[in-house]
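Below: one structure, written as structure tokens.
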Amino acid sequence: MSFGRIRSMCLHPVCIGRVAGIALLLFALLCILGSPAAVYARGGLRGVRIVVDPGHGGWDPGAVGPTGLTEKEVNLRVGIALRNCLVEYGGATVLMTRWDDSDVSLEDRVQMANWWGADRFVSVHHNASYDRSLNGTQTYAYTYGSWASFDMRNKVQDRLVWGQGLPDKGAMTANYYVLKYTNMPAILTEASFITNPYQEARLRDRGYTWREGYYIYQGIADHFGVAP
Ligand SMILES: [Zn+2]
């Protein structure tokens with residue numbers, strides 16, 4: 001009996017109005033409660049410790065472009081851009097393996113990260129080939145790496161390919177020293193080929209290298225499931 005009564009009440013225009021009113025109120029409440037979340041969307045990496053490792057430096061220029069642009073210089077520019085995005089947008093705590101054109105051994109880079117107890121390790125490099133027409137994006141994780149390292153690698157690769165629009169040469173694995181001996185999930189980016197004349201010209205542009213750092217940051221944010 002009561003069942004039928006409820007049903008008849010709910011069909012009454014007044015009841016429908018009440019239900020709509022309650023729904024509207026709930027919606028407004030959700031909007032009000034939702035807004036602080038939107039305000040604090042950035043800073044999702046607070047408490048996360050990340051090592052940013054610009055490859056090469058000092059006596060070791062890394063790869064060299066057709067007109068002499070060195071990989072070590074480009075890696076440092078991208079690395080600092082990545083660090084600034086991680087700190088300023090993500091609220092992460094970042095340790096740089098180098099801030100200038102200094103010579104840091106692979107052992108020291110790994111030791112820094114392991115000693116500090118980093119949560120993630122990101123090494124920034126640029127690719128080279130004898131075939132100067134070659135260009136494209138690759139991101140590496142250790143061959144026997146963790147699920148987390150593969151996930152971060154895939155998401156950074158996706159953002160780099162989407163952002164830079166260069167050929168997707170794949171999310172790869174390798175036994176690079178900094179990937180193998182770091183105790184935390186680690187990746188190494190090869191966002192483009194510095195040996196390609198067109199790409200070398202792009203890499204001279206500070207806006208271009210800032211954006212590359214930002215795309216890597218976006219991939220790391222995706223990996224942690226937070227808004228960039
Ligand atoms: Zn390199």
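The values are calculated or read from the model by the stated rules, or taken from the named source; none is laboratory data. Owing to the predicted nature of the structure, the values given are computational and were not obtained by experimental measurement. Here Cβ is always computed from backbone atoms with ideal geometry, including for glycine, and neighbour counts include all displayed protein chains.
Screening G207, G170 for residues that are more than 19 Å from L76 (Cα to Cα) and exposed (fewer than 15 other Cβ atoms within 10 Å of the Cβ) leaves exactly one candidate, G170.
Out of all the residues in region 207-216, is one or more free of Cβ contacts under 8 Å to residues at least 24 places away in the same chain, assigned by TED's automatic domain parsing to the domain that holds Y144 and out of contact with any Phe, Trp or Tyr (no Cβ under 7 Å at 6 or more places or on another chain)? Scanning region 207-216 turns up at least one residue that is free of Cβ contacts under 8 Å to residues at least 24 places away in the same chain, assigned by TED's automatic domain parsing to the domain that holds Y144 and out of contact with any Phe, Trp or Tyr (no Cβ under 7 Å at 6 or more places or on another chain).
Identify, from the list E190, E200, E212, the residue that is acidic (D, E), over 19 Å from the mean Cα position of the chain (by Cα) and crowded, with 17+ Cβ neighbours inside 10 Å. Every option except E200 fails the conditions. For region 120-133, check the following and say yes or no: at least one residue is more than 16 Å from the ligand (Cβ to nearest atom), touching a residue at least 40 places away in the same chain (Cβ under 8 Å) and closer than 18 Å to P54 by Cβ. Checked region 120-133: at least one residue is more than 16 Å from the ligand (Cβ to nearest atom), touching a residue at least 40 places away in the same chain (Cβ under 8 Å) and closer than 18 Å to P54 by Cβ. The set of residues in region 105-143 that are part of a strand (DSSP E or B) and under 10 Å from T182 (Cα atoms) comprises R120, F121, Y142. Return yes when L179 is touching a strand residue (DSSP E or B) at 6+ places or on another chain (Cβ under 9 Å) and in a helix (DSSP H, G or I) and no when it is not. In short, yes.
Go over the candidates V94, V78, V52, V74 one by one and state the one that is among the β-branched types (V, I, T), in a strand (DSSP E or B), within 23 Å of R202 (Cα to Cα) and in contact (Cβ under 8 Å) with a residue 24 or more places away in the chain. Spell out how you get there, then give the answer.
Working: V94 fails: within 23 Å of R202 (Cα to Cα); V78 fails: in a strand (DSSP E or B); V74 fails: in a strand (DSSP E or B).
Only one candidate qualifies: V52.
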